[in-house]
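Undergrad: Have a look at this one before I ask anything.
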Amino acid sequence: MTPETLVSLDRAHLIHPVSSWRDQEEHGPHILQSGQGSWLTDIHGNKLLDGFAGLWCVNVGYGQKSVVQAATEQMTRLPYATGYFGFASESAITLASRLAAVSPGDLNRVFFSQGGSDAVDSALRFIRFYQHARGTPEKRHVIGLARGYHGSTYTGAGLTALAAFHRNADVPLSWQHHIPSPDPYRHPKGPDAAAIIAACVADLRNKVAELGGPEHVAAFFCEPVQGSGGVAVPPVGWLSAMRNTCRELDILFVTDEVITGFGRTGPLFACEHENVVPDMMTVAKGLTSGYAPMGAVFMSEGMYATIRDATPPGVAVGHGMTYSAHPVSAAIGLAVLDLYQNGLLENGVRSGVHLASRLAAMKDHPLVGDTRSMGMLAAIELVTDKKAKTKPSPALGISKKLSKIGYENGVLFRAFGDDIIGLAPPLCMTLEETDILCDRIEVVLNTLLDDKDIAAAIA
């Protein structure tokens, strides 16, 4: 098909996720055709440096032959096997065991989902099963963070604390609540790390008390680094302090590592930075590096045993999906894990240090209020008044302009609606490519200043 035909068919038939349907019909898609390493090529032959790894997910980069070979072999031999009725496949069993071996603490039980959103949804279901199993069904309430993102299923969208996922959806649900984000740039106590941590611990305690005490609260969910909320990097010590508070209050501590897992922040899992062992952990994206859909819930031995022992013999734990533990996705996950463990994590750490250095130098730009990063996860927050940290007026349309200018300059990144540039480059990105990425972003920022309205808005 010609590019023009594809654009026309897209406008007529394809509903895009988390998008303005009107804008999509008006402008049509950017159609990608191929990828290699950190680079993409669109249908018109334009080469684009992918600074966002697809959607935070293509951690190993495009065109990894070992991954393609693993998928091809598994698809040829056994393309599908259900996990229902006592069936399993070798690839799924092997992947679960290898993940258990590298997971924090006693997170030895692995449930495979189809992606990140249903991994979170599954975790919420398992929490209910667990509380009933231990004889505390009144522990129903779940607490998350403002600007947190935990997927877009009906239940997950309520735990997510972003307006786009709440509008006209009747969420959050009555048992879903949020406390302030630990974002050092925007927190009232920032940038004092100790003060932010103390305030967040107090916020959690106060919210639990407001809900009737620990006997009514089931769990606390958090991302070790908030991704879709603008890549907010909490101060060092925050994660362990929140974990310790949850343990003291008898509240399950759940880390959502759908974005931060599999080397995105440096180690295989972000909670390793502070040696934190959660009660549950959700993952996806980097699990298969986007080569096939798959997510997972890691569950502690204690939670697993409690649910198992309270369930009568022969009675099913009623949760699962047709494509849970899909053998092709599992084979891909194994090949991707091999790449992580054979040098890719180390390369991501090296490039992440260089990326942080380049971003720090951008703070002098008139539009840049803050830069922040952890490993290969980073953000540039734009403001019109550095001292007051004033966000640009929506009338300036900076987000749309960022995406357009970036594409025209051969670089892809996440242009958040509140004028934050999100970065999550593939872990295979070289130092030279990291420089190209940052050079092109600087061009984008300088081009924004050519807009008279934007230039006039700067204090």
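Undergrad: Within the range 422-459, take every residue that is touching a His at 6+ places or on another chain (Cβ under 6 Å) and surrounded by 15 or more Cβ atoms within 10 Å (Cβ to Cβ) and give me the one that is farthest from residue 263 (Cα to Cα).
TA: 445
Undergrad: Let me ask something else. Please specify each residue of the range 236-253 satisfying the condition of being of a type in the set (Val, Ile, Thr) and in contact with a Leu (Cβ under 9 Å, 6 or more places away or on another chain).
TA: 245, 251
Undergrad: Restricting to the range 167-225, what's the tally of residues that are among the aliphatic types (A, V, I, L, M) and touching an Asp or Glu at 6+ places or on another chain (Cβ under 7 Å)?
TA: Looking only at that region, the number is 1.
Undergrad: Further question: Name the single residue, out of those in the range 386-405 being over 24 Å from the mean Cα position of the chain (by Cα) and closer than 21 Å to residue 361 by Cβ, that is surrounded by the most Cβ atoms within 10 Å (Cβ to Cβ).
TA: So the residue we want is 405.
Undergrad: Can you say whether residue 74 is in contact (Cβ under 8 Å) with a residue 12 or more places away in the chain, more than 25 Å from the chain's Cα centre (by Cα), buried (at least 17 other Cβ atoms within 10 Å of the Cβ) and assigned to a helix (DSSP H, G or I), as far as the supplied structure shows?
TA: For residue 74, the condition - in contact (Cβ under 8 Å) with a residue 12 or more places away in the chain, more than 25 Å from the chain's Cα centre (by Cα), buried (at least 17 other Cβ atoms within 10 Å of the Cβ) and assigned to a helix (DSSP H, G or I) - is met.
Undergrad: Please identify the pairs in which a residue from the range 152-173 that is over 14 Å from residue 18 (Cβ atoms) has its Cβ atom under 6 Å from the Cβ atom of a residue that is among the hydroxyl-bearing types (Ser, Thr, Tyr) and part of a loop (DSSP other than H, G, I, E, B), counting only partners at least 6 apart or on another chain.
TA: none
Undergrad: Scan the range 18-71 for residues that are closer than 28 Å to residue 5 by Cβ, surrounded by fewer than 16 Cβ atoms within 10 Å (Cβ to Cβ) and among the charged types (D, E, K, R) and jot them down.
TA: Correct list: 22, 23, 25, 26, 47.
Conditions (1) in contact with a strand residue (DSSP E or B) (Cβ under 8 Å, 6 or more places away or on another chain); (2) under 27 Å from residue 328 (Cα atoms); (3) at pLDDT 95 or above, marked per residue:
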| site | (1), (2), (3) |
| --- | --- |
| 28 | no, no, no |
| 31 | yes, yes, yes |
| 47 | yes, no, yes |
| 68 | no, yes, yes |
| 72 | no, yes, yes |
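Undergrad: Could you tell me which residue of the range 93-149 is nearest to residue 282 (Cα to Cα), considering only residues that are out of contact with any Leu (no Cβ under 9 Å at 6 or more places or on another chain) and of a type in the set (Phe, Trp, Tyr)?
TA: Going through the qualifying residues, I end up with 111.
Undergrad: Would you be able to say whether some residue in the range 116-134 is modelled with pLDDT of 95 or more, surrounded by 18 or more Cβ atoms within 10 Å (Cβ to Cβ), over 14 Å from the mean Cα position of the chain (by Cα) and in a loop (DSSP other than H, G, I, E, B)?
TA: No, the range 116-134 contains no residue that is modelled with pLDDT of 95 or more, surrounded by 18 or more Cβ atoms within 10 Å (Cβ to Cβ), over 14 Å from the mean Cα position of the chain (by Cα) and in a loop (DSSP other than H, G, I, E, B).
Undergrad: Then there's this: So which of 249, 268, 211 is farther than 30 Å from residue 57 by Cα and in contact (Cβ under 8 Å) with a residue 60 or more places away in the chain?
TA: 211
Undergrad: Let me ask something additional. Within the range 91-115, restricting attention to residues that are in contact with a Pro (Cβ under 8 Å, 6 or more places away or on another chain) and assigned to a helix (DSSP H, G or I), which residue is nearest to residue 77 (Cα to Cα)?
TA: Among them, the one singled out is 91.
Undergrad: May I pose another question? Would you mind finding the one in 145, 204 that is farther than 30 Å from residue 83 by Cα, within 20 Å of the chain's Cα centre (by Cα) and modelled with pLDDT of 95 or more?
TA: It is 145.
Undergrad: To continue, here is another question. Residues of the range 77-97 being among the β-branched types (Val, Ile, Thr) and crowded, with 16+ Cβ neighbours inside 10 Å, which ones?
TA: Across the range 77-97, the qualifying residue is only 82.
The values are calculated or read from the model by the stated rules, or taken from the named source; none is laboratory data. Please read these numbers as outputs of a predicted model, since none were measured by experiment. FYI the Cβ positions are ideal-geometry reconstructions off the backbone, even for glycines, and counts take in every protein chain you see.
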